[in-house]
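Taking it in order: structure first as structure tokens, then the write-up.
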Amino acid sequence: MSSRRAVRERLLGRRINTMAETMKIPVSITLNGSIVRADVEPRMLLVEFIREVAGQTGTHIGCDTSYCGACTVLVNGRPAKSCTLLAVQADGWSVNTVESLESGDTLNVLQQCFADKHALQCGFCTPGFLMAATGLLEQNPDPDDKAIRKGLGGNVCRCTGYLPIIEAVRSAAVVIKERRS
Amino acid sequence: MYPSRFDYVKAASFAEASAALLQGGDGAKVLAGGQTLIPMMKLRLLRPELIVDLGGIDDARDIVVDDDVIEIGALARHADIGNEFRAQNLCPIISDCALGIADAQVRNMGTIGGSLAEADPCSCWPALLVALDAAVLIEGPGGTRALRVRDLLRDAYTPDLAAGELITRIAVERAALDGIGAFVAFKRAAPAYPTASVALQINYDGDRIAALRLGFGCLGLTPLAFDAASDMACGKTVTPALIADIAAAASAFVEPIDDAKGSETYKRSLAAGLVTRAFNVVEARRTGAPAGETHQYYG
Ligand SMILES: Cc1cc2nc3c(=O)[nH]c(=O)nc-3n(C[C@H](O)[C@H](O)[C@H](O)COP(=O)(O)OP(=O)(O)OC[C@H]3O[C@@H](n4cnc5c(N)ncnc54)[C@H](O)[C@@H]3O)c2cc1C
Ligand code: FES
Ligand code: FES
């Protein structure tokens, strides 16, 4: 008998006779404000849950090895790489993706600044940058260039050369501050 | 990329996790932040059959600072630790270390306990905690025991933990943190382990050095503590000559290996450079001068 099956039998307290049956776990994740429930294999990644189960494909998979940040989402308000989390870990968490930023057809301030400052070309990295920058501005509403660079250090862009992205985040911070005061 | 199939339980306490680990045997692994374990599982470098998730243990993320000791729960995240010490303007060596790890995303999930248990010679917490001679509390089937981090990390990737044992808390004596410190590192990019890192804590008596702690990450198969540096420095003031002496001794002391990040010779010279930078940052902090960057990136 495979050791995997032995482990499962000990855990379940009963004999099982087929390897085809895969353990499924019920998870419930608050995605962009709505609860999404599903029974998933424990090995399902959070990014797959978001894209395949919830059908929200704004979150991208770039490197799939924890380096590029294209898959960045906010978990409980803080940026994290959804390719490096399991959906079962996120049971009960609140997750926000790029889809949460716009209202109707209107871009939010940060998105508008990305457009205005040409902070995207192919756009593949953009959802990740937007979510990382959203988390950064939440924590530090008035970041200097050094803080912006550090806050976005986990995101890779192969097109823009980064400077327009830094400029977009800087100008978004200014606009947000003006609106608040 | 999907990991291979595994079963999953979420533990509500360390005792429950330990029992599940024992029951799962060799194929069982605990999951903390997942920032090392999940990438390894996706690459199929690891194929655990059972994952025991510690994420449900809510009372193990606390940071307690009192007069004698700093205690940190094993599940405290890098970002929370770094932000807490920075906000309290306390022990900059700790916030340098925590906020220099990886990038914001990884720091928001990765835990100090996971970082120690992984026993990666390039990880940042081990280098700091070995320099400060910190201790960990371990809970397992045999009860609870305390262990020096230096004894926990006697070899690369193999912490001294028995089956079913878990790291639950980290403790640093305040005396080890007297004075001023800095943690500096040289990295290829934010989301990459350092090429080398240096922890330096100096306790001053007036202008003179009363005690000095120096540790290295990524410059050997385990993090290294260079205790002899304290004897070289005690009773002296910080001068360029003293810094040069200690940097040269450090460069000879470390045990780097050739790899894709650089040759042994290169890393020995990097060690000397980082020791010098650490002294400069500490001195700048002591005199209130603007301190340079603790973490530098290249490439
Ligand atoms: C892109 C990237 C860049 C990184 N850069 C750095 C860096 O610059 N510096 C650095 O130090 N680290 C770096 N890391 C590693 C990161 O800090 C990890 O968070 C950390 O090493 C592991 O912590 P974790 O909580 O994620 O542990 P996990 O990945 O969940 O677990 C790691 C190992 O420890 C075991 N374990 C976890 N918790 C416990 C416990 N309480 N008791 C016993 N065993 C336990 C697990 O079974 C597993 O074997 C990087 C990671 C990534 C993905
Ligand atoms: S896809 Fe997640 S970090 Fe690249
Ligand atoms: S816009 Fe193309 S990768 Fe960033």
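The values are calculated or read from the model by the stated rules, or taken from the named source; none is laboratory data. Fair warning: this is a prediction, and the values are worked out from it, not measured in the lab. Neighbour counts run over all protein chains shown; Cβ positions are idealised from the backbone, glycine included. The accessibility values were calculated without ligands, DNA or RNA, using every heavy atom of the protein model including side chains. Shrake-Rupley method; radii C 1.70, N 1.55, O 1.52, S 1.80 Å.
How many residues does segment A:47-59 hold that are more than 16 Å from ligand 1 (Cβ to nearest atom), open to solvent by less than 50 Å² (accessible area, probe 1.4 Å) and within 14 Å of chain B (Cβ to nearest Cβ)? Final tally of qualifying residues: 3. Summed over segment B:126-164, residues that are of a type in the set (A, V, I, L, M), in a loop (DSSP other than H, G, I, E, B) and within 23 Å of B:Leu177 (Cα to Cα) total 3. The helices (runs of 4 or more DSSP H) located wholly in segment B:1-90 that include 1 or more residues which are more than 7 Å from every other protein chain (Cβ to nearest Cβ) and of a type in the set (Phe, Trp, Tyr) occupy B:14-24, B:78-87. Checked against the criterion of being outside the structural domain of A:Gly77 (by TED's automatic domain parsing), modelled with pLDDT of 95 or more, within 16 Å of ligand 3 (Cβ to nearest atom) and touching a Cys at 6+ places or on another chain (Cβ under 9 Å), the candidates A:Val156, A:Val175 yield just one match: A:Val156. Per the listing B:Leu221, B:Leu177, B:Leu214, B:Leu270, the residue uniquely touching a residue at least 24 places away in the same chain (Cβ under 8 Å), open to solvent by less than 10 Å² (accessible area, probe 1.4 Å) and under 20 Å from the mean Cα position of the chain (by Cα) is B:Leu214. Scan segment B:233-251 and tell me whether some residue there is open to solvent by less than 10 Å² (accessible area, probe 1.4 Å) and under 27 Å from B:Glu71 (Cα atoms). Scanning segment B:233-251 turns up no residue that is open to solvent by less than 10 Å² (accessible area, probe 1.4 Å) and under 27 Å from B:Glu71 (Cα atoms). Listed by position, the strands (runs of 3 or more DSSP E) inside segment A:67-134 whose residues that are within 16 Å of ligand 3 (Cβ to nearest atom) and closer than 20 Å to A:Thr160 by Cβ number at least 1 are A:72-75.
Filter segment A:60-104 down to residues that are more than 10 Å from ligand 2 (Cβ to nearest atom), open to solvent by 30 Å² or more (accessible area, probe 1.4 Å), hydroxyl-bearing (Ser, Thr, Tyr) and at pLDDT 95 or above, then give me how many there are. Result for segment A:60-104: 2.
Okay, residues lined up against (1) over 18 Å from the mean Cα position of the chain (by Cα); (2) within 22 Å of A:Tyr67 (Cβ to Cβ); (3) of a type in the set (D, E, K, R):
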| site | (1), (2), (3) |
| --- | --- |
| A:Ser94 | no, no, no |
| A:Thr106 | yes, no, no |
| A:Leu110 | no, no, no |
| A:His118 | yes, no, no |
| A:Gly153 | no, yes, no |
| A:Glu167 | yes, no, yes |
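From (1) of a type in the set (Asp, Glu); (2) farther than 22 Å from B:Asn83 by Cβ; (3) assigned to a loop (DSSP other than H, G, I, E, B), pick out the condition that doesn't hold for A:Asp142. Checking A:Asp142 against (1) of a type in the set (Asp, Glu); (2) farther than 22 Å from B:Asn83 by Cβ; (3) assigned to a loop (DSSP other than H, G, I, E, B), the one that fails is (2).
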